[in-house]
Amino acid sequence: TMLLKLAASEEKSIREGAIRSFRGTEIVKEIYHTLTKLKAIHPDSQPLIDAVIDPASTLKNRPAADDLQSWNRLLSSSPGPANVEEGRRIFTHSAVANCSKCHLHSGRGNHLGPDLSSLWRSANPKHILTSVLQPSLHIDPQYKARTLLLDDGTTFNGILLRDGGGGREVYRNLEGKEEIVKTDDIVERKESASSLMPEGLLDQLTNREIKDLLAFISWPSSIESSEGNSEE
């Protein structure tokens, strides 16, 4: 197939983009044998290939979520500088991190969770790593999820945005869209102590992918960079 041809490319970004496309798909014999051969030809892509043919391989020797010192050592052991462009691809990849399902960065993504475009201005690397490893440890109050039991017996999950007036409340639903709920229809409200961001988000990523993803999240967005340049 074309993807297997691209997976054999000498250009690393092309090769690994194609290999990553096999994540979450059925690995038939042809794909398995081809990728196994590529490990010997391109040893720098071995962790990514292993993640495709043996997803559990990414969990080997992983520290506990609250052991930041060990996590920093682990990520630092990945050779070479972080690749922000690879991190961008991982951020938006539907079969890998899929961060853009809930977060915006550089104008791309969804606005269910915080916009990460300007995170680099205020958050230090420790805070960013902690937020990804332990998403429920510190939740911004404005992004706390609520579950509403409605009088018709259904439930609604979302984030309260504002009072809509006239006995209406405006929420952001789990698809990131605004939705109006009538106050009189609400029988019970529960505020979740857990973040909408799932635990174990990094479990399926290789150490290299995590390093690149964190670099992208920490990087000034292209929108902010262009705005800054236009002001000078």
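Observations
- Coordinate range along principal axes, alpha carbons of the stretch 1-109, Å, largest first: 40, 34, 26
- The stretch 84-167 - convex hull of alpha carbons, volume per residue in Å³: 150 Å³
- At a probe radius of 1.4 angstrom, the accessible area of the stretch 1-64 per residue rounds to 59 square angstrom.
- Sorting 138-149, 111-122 by their mean Cβ neighbour count within 10 Å, with the most densely packed peptide first, gives 111-122, 138-149.
- Inter-site label distance for ARG108 and GLU11 at 7 Å from Cα along Cβ, in nm: 1.6 nm
- Overall, the ratio between the Cα radius of gyration of the stretch 171-223 and 2.2 N^0.38 Å, rounded to two decimals, is 1.77.
- Per residue, the convex hull spanned by the alpha carbons of the chain comes to 172 Å³.
- GLU199-THR1 pseudo-label distance in nm [points 7 Å out on the Cα-to-Cβ vector]: 3.4 nm
- Accessible carbon and sulfur surface of the stretch 110-185 relative to its total accessible area, %, 1.4 Å: 48 percent
- Qualifying aspartates and glutamates (Cα of each under 19 Å from Cα of LYS126; at least 8 residues distant if same chain): ASP66, ASP67, ASP115, ASP140, GLU199, ASP203, GLU209, ASP212
- Residue with peak Gaussian network fluctuation, the chain [Cα springs, cutoff 10 Å], from GLN204, GLN134, GLN46: GLN46
- Potential extension, ARG62-LEU161 segment - 0.36 nm per residue separation minus Cα distance: 31.9 nm
- Gyration tensor verdict on the stretch 1-58 (Cα atoms; rounded if a/c is under 1.5, prolate if a/b is larger than b/c, oblate otherwise): rounded
- Most fluctuating residue given options GLU175, GLU85, GLU11, as computed from a GNM of the chain linking Cα atoms under 10 Å: GLU11
- Net length gained if the chain between LEU149 and TRP120 were fully extended (0.36 nm per residue, minus Cα distance): 6.7 nm
The values are calculated or read from the model by the stated rules, or taken from the named source; none is laboratory data. Quantities reported herein were computed from a predicted structural model and do not represent experimental measurements. No Cβ is skipped: glycine too gets one built from the backbone with ideal geometry, and neighbour counts run over all protein chains shown. All accessible areas refer to the heavy atoms of the entire protein, side chains included, with ligands and DNA or RNA removed. Shrake-Rupley method; radii C 1.70, N 1.55, O 1.52, S 1.80 Å.
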